Structure formats: structure tokens, C-alpha cells
Amino acid sequence: LPRLRLARHEPLLAMSGASGQESARGAAPAGEPKAPLARVLGWGMTCGALGVFLPIILRLVETRSAAGLSPLTWSLQLLGYALFVVYPARSGFPLSSYVEYAVLMAQSLAINCAPADMDTEAAICR
């Protein structure tokens, strides 16, 4: 049987360089253009993230009721988004690569803290 040769494929937005961190931190190796597509996509995701939890926040403000919201779910979601923000920020990645998680974290925090003004048991920010 003939041996199959597998071609090496680079990802669309590959990080190249000795450690792979040069492109991620914004300094493209010589001869390789920066990835404006990645930056545009990152900011586009951020704009999309602005509307993810907006209907829930608007319902909370309008009805002043947190019925049906689980404090544990929203607390764990807030923790997850915080971890998704801390790691790339400490690693020096460009802001456009993780800012959507910061937006989602802020919205989760608003949902967690909104019931604190209401007479419900669903608040963690008391």
C-alpha cells in the first residue's frame, strides 16, 4: 500500500515566529503583514456581543422582577467571562481579541446585580 502524505496546513490567522507570540502581541515577523482581518473580526464580535444579554437586562429593568433567573448560573457565567478576560490581558494579546468577553462580563455583572434593588432572592450583589 502506498503511504499517504499529509500536507501541513497553516490556520487562516496563523501565529508564526519562534514562540508563536510575536504575531499575537502585535509584532508581525519580517515579511508578514499584520492581520487587519483578525482585528476587524474581533471588533465585529464585540459589537455583536453588545446585544447578547440586552433583552434580559431590558426585561429586568422593565418588570423589576428577576423571576426565572438562577443566581448560580449567572455567577458561574460571570466567573467564566472573567477568566476569558484575565488570561489574554495578562498574556499581552491585542484588546480586539478578547474585548467581547469583557462586554459579556459587564452584562453578566449587570444581570447579577440588578435584582439587588428588587425584592427577590436572586441577587448576589447584596
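The values are calculated or read from the model by the stated rules, or taken from the named source; none is laboratory data. Computed from a predicted model, the values in this text were never measured in an experiment. Quick reminder, even Gly has a Cβ in these numbers, built from the backbone with ideal geometry, and neighbours come from all protein chains shown. We work out accessible area using only protein heavy atoms, side chains counted, and drop any ligands, DNA or RNA first. Shrake-Rupley method; radii C 1.70, N 1.55, O 1.52, S 1.80 Å.
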*Considering only region 49-91, how many residues are small (Gly, Ala, Ser) and either at pLDDT 90 or above or surrounded by 13 or more Cβ atoms within 10 Å (Cβ to Cβ) (or both)?*
8
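Just a yes or no: is a residue in region 10-32 at pLDDT 85 or above, aliphatic (A, V, I, L, M) and exposed (fewer than 11 other Cβ atoms within 10 Å of the Cβ)? Quick ask: steps written out before the conclusion?
Step one: filter region 10-32 for residues at pLDDT 85 or above, giving none.
No, that holds for no residue.
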*Do the conditions hold for TYR101, that is, is it open to solvent by less than 80 Å² (accessible area, probe 1.4 Å) and of a type in the set (Phe, Trp, Tyr)?*
yes
*Kindly provide the set of residues from region 64-104 that are among the aliphatic types (A, V, I, L, M) and outside any helix (DSSP H, G or I), ordered by number.*
ALA66, ALA67, LEU69
